[in-house]
There are 2 protein chains.
Amino acid sequence: MRLSTKGRYAVTAMLDLALNGKNGPVTLAEISENQGISLSYLEQLFAALRNKELVRGVRGPGGGYYLGKSADEISIANIICAVDEWVEFTRCGGRQNCSGGARCLTHTLWDDLSSEIFNFLANISLGDLVRRNLNKTEDEESSLSVVANADSQAA
Amino acid sequence: MRLSTKGRYAVTAMLDLALNGKNGPVTLAEISENQGISLSYLEQLFAALRNKELVRGVRGPGGGYYLGKSADEISIANIICAVDEWVEFTRCGGRQNCSGGARCLTHTLWDDLSSEIFNFLANISLGDLVRRNLNKTEDEESSLSVVANADSQAA
DNA sequence: TCCATTTCCTAGTAAATCACTTGGTAATTA
DNA sequence: TAATTACCAAGTGATTTACTAGGAAATGGA
């Protein structure tokens, strides 16, 4: 899993699309304006998203982008994987004998953790995020935060 | 949260240190050999880790690095934050009026998700990873994987 | 005391990535 | 026909990545 700023832009843009795409397509110009991301950079990101069928484009006046499937069927992991092409980290893909014992043990641990992070993000959908926020704003503005204290250093 | 390859190197190196540092310090030369990371790059990473007191260096022959605290007190988030300096993503730090409604709503959603990812990684310690693997190898080699199926695309 | 070992420190670098600009073409609507 | 929008390709300055080079400071053993 690779969570770069590029992935953040994509997630942010997809969130904007999910929120504003209820009635009719959303133009990249609108998302660009809303989120402060350059139009051409959005075009690049959406080219990748379209390849993975996460969005669907409609050309011409009144056109724009729709979600490619329902917000509940699009996970955060889907979005990030679409724009941040997956790179295999450990050179030994489990197969090659990578200098044996200690090294591959660490690689296994890392791979497990990596899978866990992926699954965590795979289990959060765009729909989840939108609903979660709607519930929140019903209650109050921004007081409650489910995310409590980590262990110590939060900066 | 920013999970780059740099963070991966740091986590991998710290895992190696946790595994091999039971009796005596571990040299960067060993970690470099084990994990296939250049010595000088490790030095840079460990400079950052030392600043956050996640490791403790001992100079001279027989020297090397110890964990700065127990493996249970070091979270994956700690490690990643030490080497991948935190960057504020949304320009409006919640305070500035960032063109109002739709934009800040998306930002709030993103910030919540971001916190959630951080807390997820903050709740996994080096000790967890090591123990998890010991249990696994007791059972069998590599057959079971707790991380089951995500939704669809795993590549 | 001298030497080997190791951390610690600074500077530089090729390659990749990031976020963006420029300059288009193709499809669609009015 | 003209405006609007997605789509496409090439290039660019700034930053990051992973690394090399060349040391200095501390420590242990001879």
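Per-structure values
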item	result
Output for the range B:31-50, where each listed residue is open to solvent by 30 Å² or more (accessible area, probe 1.4 Å) and either within 8 Å of DNA strand C (Cβ to nearest atom) or touching a helix residue (DSSP H, G or I) at 6+ places or on another chain (Cβ under 6 Å) (or both)	B:34, B:39, B:40, B:43, B:44, B:47, B:50
Output for the range A:13-67, where each listed residue is among the basic types (Lys, Arg) and more than 15 Å from the chain's Cα centre (by Cα)	A:22, A:56, A:59
Within the range B:8-25, considering residues that are within 14 Å of DNA strand C (Cβ to nearest atom) and within 9 Å of chain A (Cβ to nearest Cβ), the one most open to solvent (accessible area, probe 1.4 Å)	B:20
Residues of the range B:51-61 that turn out to be near DNA strand C (Cβ under 7 Å from one of its atoms) and either touching a Cys at 6+ places or on another chain (Cβ under 8 Å) or open to solvent by 70 Å² or more (accessible area, probe 1.4 Å) (or both), as a count	2
Residue B:133 part of a loop (DSSP other than H, G, I, E, B), closer than 23 Å to residue A:114 by Cα and modelled with pLDDT under 90	no
The range B:42-72, subset in contact with a Ser or Thr (Cβ under 7 Å, 6 or more places away or on another chain) and more than 13 Å from DNA strand D (Cβ to nearest atom), residue nearest to the other protein chains (Cβ to nearest Cβ)	B:72
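For every residue, the table says whether it meets (1) modelled with pLDDT under 90; (2) not in a helix (DSSP H, G or I).
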site	(1), (2)
B:1	yes, yes
B:8	yes, no
B:11	no, no
B:19	no, no
B:24	no, yes
B:31	no, no
B:41	no, no
B:50	no, no
B:53	no, yes
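The values are calculated or read from the model by the stated rules, or taken from the named source; none is laboratory data. What you are looking at is a predicted structure, and each value in this text was computed from that prediction instead of being measured. No Cβ is skipped: glycine too gets one built from the backbone with ideal geometry, and neighbour counts run over all protein chains shown. Surface areas here come from the heavy atoms of the whole protein model, side chains and all, with no ligands, DNA or RNA. Shrake-Rupley method; radii C 1.70, N 1.55, O 1.52, S 1.80 Å.
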